[in-house]
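The values are calculated or read from the model by the stated rules, or taken from the named source; none is laboratory data. The model shown is predicted, which means the values in this text are computed figures rather than measured ones. Counting neighbours? That spans all protein chains shown, and the Cβs are built from the backbone with ideal geometry, glycine included. Heads up: the accessible areas ignore ligands, DNA and RNA and are worked out on the full protein's heavy atoms, side chains in. Shrake-Rupley method; radii C 1.70, N 1.55, O 1.52, S 1.80 Å.
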Amino acid sequence: MPLQILIISDNESFTTYLGELLQRAGHAPRSVAQEKEAFPAIRRQKPDLIILALEASKIPPLAIEHRVQTPSGPRSVPVIVISEVLRLEAELLQVFDFIGKPLDVKRLLDDVAAVALRKAVPPQDQELDARLAAAFSRHILSHSGLHFDRRNQPALTRGLLKRMAALRLTDFKEYLQYLREHGEDRHELQKLLQFLTVGETYFYRYPAHFEVLKERFAALSASTAPIRIWSAGCSTGEEPYTIAMALMEALPDWRQRDIRIIATDINNRSLKRAREGVYSPWSMRITTPEQSARYFRRVGESFLIRDEVKQLVQFSHLNLSVPCREPVCDELRDLDAVFCRNVLIYFTPETAAGMLERFAAALKPAGLLFLGHSETLLQRGLELELRRKERSFYYVKSGSGTPGTARPALPQPVDEGDSLTEEQLRLAAAWLSEQKPWVGDAEPHPADSADSPDGPALPSPLPSPVGRGREPQPPPGSEAAPKAPVSSEAAPHAPAPDGDLLEAARELFDREEFDPALELLELLLQRTPDLPDALVLKGFILAGKGKLEQALVTSERVLALNDLLPEGYFLKGVLLDAADRLDEAAREYRKALLLDHDFIMPRFHMGRLHLRQGRIAEGTREIRNSIRILSRCDDHETVPFSGGLTRAVCMLQLQNTLARVA
């Protein structure tokens with residue numbers, strides 16, 4: 001079937017060559033020379049295929065990537081990119097194909113023929129059955145070492161559907177065959193992994209870890225030894241740059257020292273962003289104004305890492321699950337510290353155990369190992385001792401150790417079938433009542449987190465289920481401070497009231513200790529199954545772990561119990577939004593706003609949804625209304641369901657969003 005093909009290129013001779021080639025193949029090509037002419041031409045001509053020829057010096061690649069993915073652009077039209085800039089292939093993951101120069105004519109004509117056959121975009125809500133999920137998991141495990149078990153199946157499904165949409169393949173079996181055939185020659189496995197290994201992170205996440213690092217090097221300030229730290233699974237660079245900042249604060253003479261932070265990741269696209277060092281306000285959400293001013297340069301709505309921070313970090317591609325043969329491997333020895341936070345969740349227990357042995361071997365005696373708070377050491381044979389800092393933990397390499405010296409027991413993975421006893425629940429509530437809330441002028445630093453939930457980040461950041469309208473708790477010792485629970489002697493097995501358990505779960509969630517929060521909620525719901533507030537909280541935690549279907553079922557249950565709960569409609573709207581069911585999401589946001597006109601986050605989400613669908617006037621109106629409502633709040637007040645953002649940071653995001661469309 002002949003296709004209507006639009007060629008976008010300002011290289012006249014190459015455009016003529018492509019046009020003749022496509023005409024001989026029986027198609028109807030047309031061309032435009034400039035990007036500004038392209039999008040009006042797309043709306044007029046409604047082509048079946050776009051061929052975009054990119055010259056290295058002509059069109060900013062990130063702008064093109066945005067254009068080919070934006071809903072107001074040609075999202076439903078397949079795009080083939082031809083360029084001599086080969087690094088763009090790792091960035092343009094939504095295009096049908098990327099072909100380097102010199103042009104592979106057969107591949108281009110094969111692509112055009114495939115587009116003629118693949119007319120439909122796969123529905124994004126289709127299910128991946130267990131047999132095919134296992135087949136994909138085996139293939140990915142054998143070729144990359146990454147492990148996607150049943151727990152991670154929603155994340156795997158989302159990644160597969162994104163690549164299938166780009167390739168216009170509607171059947172999982174067909175895509176599995178394509179992956180097997182073109183995993184290497186067309187880099188399809190690497191393209192898929194870009195969607196499976198991206199974890200949400202931000203600067204100064206797990207602040208206690210960086211305090212430990214600063215204390216260690218401040219105490220060793222007299223030493224002139226080289227400093228080597230490995231950030232394993234560095235994602236988009238927030239972690240290694242924060243390590244650099246911590247060292248700069250701990251060592252006034254850092255410029256005269258030999259410091260190198262070695263940052264590695266399997267995701268080339270993330271590494272490119274890390275090297276660029278350009279970040280949005282979302283990555284800065286707990287960074288203090290002083291830190292922002294010292295380590296970043298503000299350009300418009302972006303924050304650029306200063307060169308003095310950049311020079312301390314080197315980025316390299318590395319797959320942690322395979323034997324290390326890359327040039328960077330020679331540097332991964334005699335390390336002062338290793339950060340590998342929320343990376344082990346992507347691997348089998350056996351592979352993760354091998355990685356931990358490798359980290360321990362790479363450390364100097366007394367070297368530090370930092371893991372994510374959802375991860376623990378998988379075995380006791382390593383020479384690593386558990387230490388605690390505030391509500392965080394880390395490990396110290398003990399060297400050969402002293403015979404007969406008792407070593408602290410290392411934490412073991414929690415069996416998901418285990419549950420807390422009533423006594424443990426009472427102790428948890430007592431411990432939480434003793435914790436001092438953050439008080440100060442700077443942004444609060446959540447102490448703990450479950451960085452990068454069990455799967456990739458959702459398309460939009462999921463809000464934290466902080467109780468709407470919750471009042472801040474006064475410090476212990478003040479007249480209004482809550483009283484500590486009675487001693488165990490007085491009430492050895494007194495069960496914690498439901499309200500206390502719910503508040504304890506909220507406190508854990510606010511500190512991003514998602515697994516303990518979920519465990520408390522499960523125990524609470526065993527005792528009181530029909531508690532809507534607890535179910536809302538559970539729904540957001542499940543969503544953050546990538547378990548969108550379970551979260552959606554939970555939201556339906558919430559609304560069946562209380563159909564006047566705005567939070568329930570907002571939860572359902574966020575889940576539908578993440579699944580690209582935009583019209584349904586909009587309806588749920590409207591219901592939340594009908595019940596609570598001043599509920600900021602559904603209004604903000606509604607505005608962003610309008611903008612994504614090209615309804616600029618409606619989107620602008622909702623963003624302005626959000627700003628108007630938010631202006632009545634105190635600067636340091638946390639905005640409910642915003643992911644822990646203060647009013648000031650949330651206001652900045654709203655103003656930046658408005659500036660882009662105003």
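For the criterion of being of a type in the set (A, V, I, L, M), at pLDDT below 85, buried (at least 19 other Cβ atoms within 10 Å of the Cβ) and in a loop (DSSP other than H, G, I, E, B), L88 fails. I227 meets the conditions (1) β-branched (V, I, T); (2) over 23 Å from the mean Cα position of the chain (by Cα); (3) open to solvent by 40 Å² or more (accessible area, probe 1.4 Å) in every case but one. The failed one is (3).
Where the second residue is assigned to a helix (DSSP H, G or I) and among the acidic types (D, E) and the first is open to solvent by 10 Å² or more (accessible area, probe 1.4 Å) and lies in region 584-608, which pairs have Cβ atoms under 7 Å and are six or more apart or on separate chains? Partner pairs satisfying both residue conditions: R603/E622. Scanning region 261-271 for residues that are open to solvent by 10 Å² or more (accessible area, probe 1.4 Å) and either modelled with pLDDT of 95 or more or out of contact with any Gly (no Cβ under 9 Å at 6 or more places or on another chain) (or both) gives N268, R269. Counted as qualifying within region 94-212 are the helices (runs of 4 or more DSSP H) with 3 or more residues that are farther than 30 Å from G372 by Cα, namely 105-117, 153-167, 172-182.
Does L146 fit the bill of being without any contact (Cβ under 8 Å) to a residue 40 or more places away in the chain, open to solvent by less than 10 Å² (accessible area, probe 1.4 Å) and closer than 23 Å to Y346 by Cα? So L146 does not fit the description; no.
Just so you know, in region 521-546 the residues that are free of Cβ contacts under 8 Å to residues at least 40 places away in the same chain and within 22 Å of L593 (Cβ to Cβ) include one that is least open to solvent (accessible area, probe 1.4 Å), and it is L535. Within region 197-251, being basic (K, R) and in contact with a strand residue (DSSP E or B) (Cβ under 8 Å, 6 or more places away or on another chain) holds for R216, R228.
Free of Cβ contacts under 8 Å to residues at least 40 places away in the same chain, farther than 18 Å from E331 by Cα, surrounded by fewer than 23 Cβ atoms within 10 Å (Cβ to Cβ) and not aromatic (F, W, Y): does that describe E211? Here the answer is no, as E211 does not meet what is asked.
Looking at D185, D104, D129, just one residue is under 30 Å from L576 (Cβ atoms), surrounded by fewer than 16 Cβ atoms within 10 Å (Cβ to Cβ) and not aromatic (F, W, Y), and that residue is D129. Taken over region 108-126, residues that are in contact with a strand residue (DSSP E or B) (Cβ under 6 Å, 6 or more places away or on another chain) and without any contact (Cβ under 8 Å) to a residue 40 or more places away in the chain amount to 1.
Among the residues of region 142-149, is there at least one that is aromatic (F, W, Y), under 27 Å from the mean Cα position of the chain (by Cα), at pLDDT below 90 and within 23 Å of V322 (Cα to Cα)? Within region 142-149 (the criterion being aromatic (F, W, Y), under 27 Å from the mean Cα position of the chain (by Cα), at pLDDT below 90 and within 23 Å of V322 (Cα to Cα)), the answer is yes, since at least one residue qualifies. Residue check: is L196 modelled with pLDDT of 90 or more and closer than 25 Å to C340 by Cβ? No, not satisfied. When you check A361 against the structure, is it more than 23 Å from L247 (Cβ to Cβ), among the aliphatic types (A, V, I, L, M) and open to solvent by 20 Å² or more (accessible area, probe 1.4 Å), yes or no? In short, yes.
For (1) of a type in the set (S, T, Y); (2) at pLDDT 85 or above; (3) open to solvent by less than 50 Å² (accessible area, probe 1.4 Å); (4) over 20 Å from P516 (Cα atoms), each residue gets a yes or a no:
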site: E331; (1), (2), (3), (4): no, yes, no, yes
site: R388; (1), (2), (3), (4): no, no, no, no
site: S392; (1), (2), (3), (4): yes, no, yes, no
site: P411; (1), (2), (3), (4): no, no, yes, no
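Summed over region 272-299, the residues that are over 22 Å from the mean Cα position of the chain (by Cα) and open to solvent by 60 Å² or more (accessible area, probe 1.4 Å) give a count of 7.
Rundown of residues vs (1) touching an Asp or Glu at 6+ places or on another chain (Cβ under 9 Å); (2) part of a helix (DSSP H, G or I); (3) at pLDDT 95 or above, yes/no style:
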position: F303; (1), (2), (3): no, no, no
position: V309; (1), (2), (3): no, yes, yes
position: Q314; (1), (2), (3): yes, no, yes
position: V322; (1), (2), (3): no, no, no
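Quick check on T657: is it at pLDDT below 85 and either at positive phi or among the β-branched types (V, I, T) (or both)? For T657, the condition - at pLDDT below 85 and either at positive phi or among the β-branched types (V, I, T) (or both) - is met. L564 satisfies every condition listed in (1) free of Cβ contacts under 8 Å to residues at least 60 places away in the same chain; (2) part of a helix (DSSP H, G or I) except (2). For the condition under 24 Å from F148 (Cβ atoms) and open to solvent by 30 Å² or more (accessible area, probe 1.4 Å), E549 qualifies. Starting from residues that are open to solvent by 10 Å² or more (accessible area, probe 1.4 Å) and at pLDDT 95 or above, keep the ones in region 230-251 and report whichever is farthest from R275 (Cα to Cα). Per the criteria, the residue is A250. Evaluating L501 against the criteria (1) open to solvent by 50 Å² or more (accessible area, probe 1.4 Å); (2) more than 22 Å from A155 (Cβ to Cβ); (3) in contact (Cβ under 8 Å) with a residue 40 or more places away in the chain leaves one unmet condition, (1).
Within region 364-386, being of a type in the set (D, E, K, R) and either at pLDDT 75 or above or surrounded by fewer than 19 Cβ atoms within 10 Å (Cβ to Cβ) (or both) holds for K364, R380, E383, E385.
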